[in-house]
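The values are calculated or read from the model by the stated rules, or taken from the named source; none is laboratory data. Predicted model, so just to flag it, every value in this text is computed and none were measured. Quick reminder, even Gly has a Cβ in these numbers, built from the backbone with ideal geometry, and neighbours come from all protein chains shown. Surface accessibility is based on the protein's heavy atoms, side chains included, excluding ligands, DNA and RNA. Shrake-Rupley method; radii C 1.70, N 1.55, O 1.52, S 1.80 Å.
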Amino acid sequence: MADQPKSLYAKADGVTFHYYDLGEGDPTIFLHGGGPGCTAWSDFGPVAPLFASDRRAILVDLLQYGRSDKCTITGPMWDFHAAKMVALLDELGIERADFVCNSWGGTIALNLAAKYPERVRSLVITGSMPVFYGPLAPLPEDGRRGRNARDVYYGGTGPTLEKLRTLITGLEWFDGSKLPAETLQMRYEQSLDPEEMALAASADSPRGDWQDLTAELGQIQAPTLFAWGMHDAFLTPDYPLMLARMIPHGHLYIMDKASHHLQEERPYDYYSVVSGFLDQQHN
C-alpha cells in the first residue's frame, strides 16, 4: 500500500469530515465499509494511486469512523448520511461526482443518488445491503451477519488482533493468507479508538434508525455498477443481480476468487473494471 497522504478536514452542516484528496480530473468520491476499524485509507488505499492517475480521488472517512466526527445519528440513518455527504460536496465545491463505494458506504451512496439525483453521475457499489431480503432465500443471519461479527469482536474479552484477523479473513477476504500485516494493524489500532468502542458498546442506538431502500432503488437514474465478489460472505451474487434489476440503469460484474473487499484483495483488477465503467459514463 502507498504511503498515507496528507489528512484534510472539512466542516459541513455541523459535522467534521476527515478525507484525502488525490489526483486531478473528474471528481470521484470513495466511501468505505462499516467493519471494525474501517477507514477510507484502509479500504481504498490499495487502489487510490491507480484512480488518482487520471481522476480526482476523494477518500472520505464516514461519520462515526476514522477521524471524522463520532456524532450520534437520530432518525433514518441513510437519510442522515446522505444529507451530510451532500453538505460535504457543497463545502468542497463539487456539483456532481462519481461514487465508488464498499458495503456501508455504498448504501449511503445509493440513497444519495435517489434523493439528490443531480449530484451523482454514476455509482459503483460492492457488498452493500440496501434492502433486507434476497430473491431466493433469507439473507445470511437475517441480514445481521455484519452486526453480529461486530458484536463478537467488541464483546467478550474485547478486541484483539487475532479476533480481527479472524473476522477479516473469514468475512472480507477470499484468500486470508494474503492479508497484509499493515492493513490488519491499521484496522486494529483504529478499532481501539475510544469513541468507536463507545459506539460499539451502544449496539445500534447511536447509528440511527435502519431504512429499507426498496422504493429508493427504483428512483435512481444514475448508471450503477454492482461489482461483487463471487464468494461474498454477506450477500451471494443473486442479491446484487436482484438490485441491478431494481435500478433503471443497473449493471452487474462478478469477480472470481474474491469476497467482500475486492478493491483490497484484487486492486488492479478492480481498478480496471471500475475505471472502464466510469469512463463509459463520460463518453
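Data table
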| read-out | value |
| --- | --- |
| Every residue from region 62-76 that is open to solvent by 10 Å² or more (accessible area, probe 1.4 Å) and outside any loop (DSSP other than H, G, I, E, B) | 74, 75, 76 |
| Filtered residues of region 40-49 (kept if part of a helix (DSSP H, G or I) and over 24 Å from residue 14 (Cα atoms)) | 42, 43, 44, 48, 49 |
| Only listed residue being open to solvent by 40 Å² or more (accessible area, probe 1.4 Å), more than 30 Å from residue 158 (Cα to Cα) and either among the aliphatic types (A, V, I, L, M) or in contact (Cβ under 8 Å) with a residue 24 or more places away in the chain (or both), chosen from 246, 186, 197, 255 | 246 |
| Within region 225-255, tally of residues that are over 18 Å from residue 212 (Cβ atoms) and assigned to a loop (DSSP other than H, G, I, E, B) | 8 |
| Any hit, region 50-61, residues being more than 17 Å from residue 94 (Cα to Cα), assigned to a loop (DSSP other than H, G, I, E, B), of a type in the set (Ser, Thr, Tyr) and in contact with a His (Cβ under 7 Å, 6 or more places away or on another chain) | no |
| Residue within region 140-158 that is part of a loop (DSSP other than H, G, I, E, B), open to solvent by 50 Å² or more (accessible area, probe 1.4 Å) and in contact (Cβ under 8 Å) with a residue 24 or more places away in the chain present | no |
| Test: residue 57 is over 13 Å from the mean Cα position of the chain (by Cα), surrounded by fewer than 24 Cβ atoms within 10 Å (Cβ to Cβ) and not acidic (Asp, Glu) | no |
| Selected residue [touching a strand residue (DSSP E or B) at 6+ places or on another chain (Cβ under 8 Å) and on the phi > 0 side of the Ramachandran plot] from 23, 14, 37 | 23 |
| Residue that is surrounded by the fewest Cβ atoms within 10 Å (Cβ to Cβ), among those in region 160-179 that are of a type outside the set (A, V, I, L, M, F, W, C) and within 17 Å of residue 191 (Cα to Cα) | 162 |
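So that you can scan it fast, the table gives a plain yes or no per residue for (1) open to solvent by less than 40 Å² (accessible area, probe 1.4 Å); (2) of a type in the set (Asp, Glu); (3) assigned to a loop (DSSP other than H, G, I, E, B); (4) under 29 Å from residue 259 (Cα atoms):
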{"position": "2", "(1), (2), (3), (4)": "no, no, yes, yes"}
{"position": "5", "(1), (2), (3), (4)": "yes, no, yes, yes"}
{"position": "24", "(1), (2), (3), (4)": "no, yes, yes, no"}
{"position": "28", "(1), (2), (3), (4)": "yes, no, no, yes"}
{"position": "36", "(1), (2), (3), (4)": "yes, no, yes, yes"}
{"position": "78", "(1), (2), (3), (4)": "yes, no, no, yes"}
{"position": "91", "(1), (2), (3), (4)": "no, yes, no, no"}
{"position": "99", "(1), (2), (3), (4)": "yes, no, no, yes"}
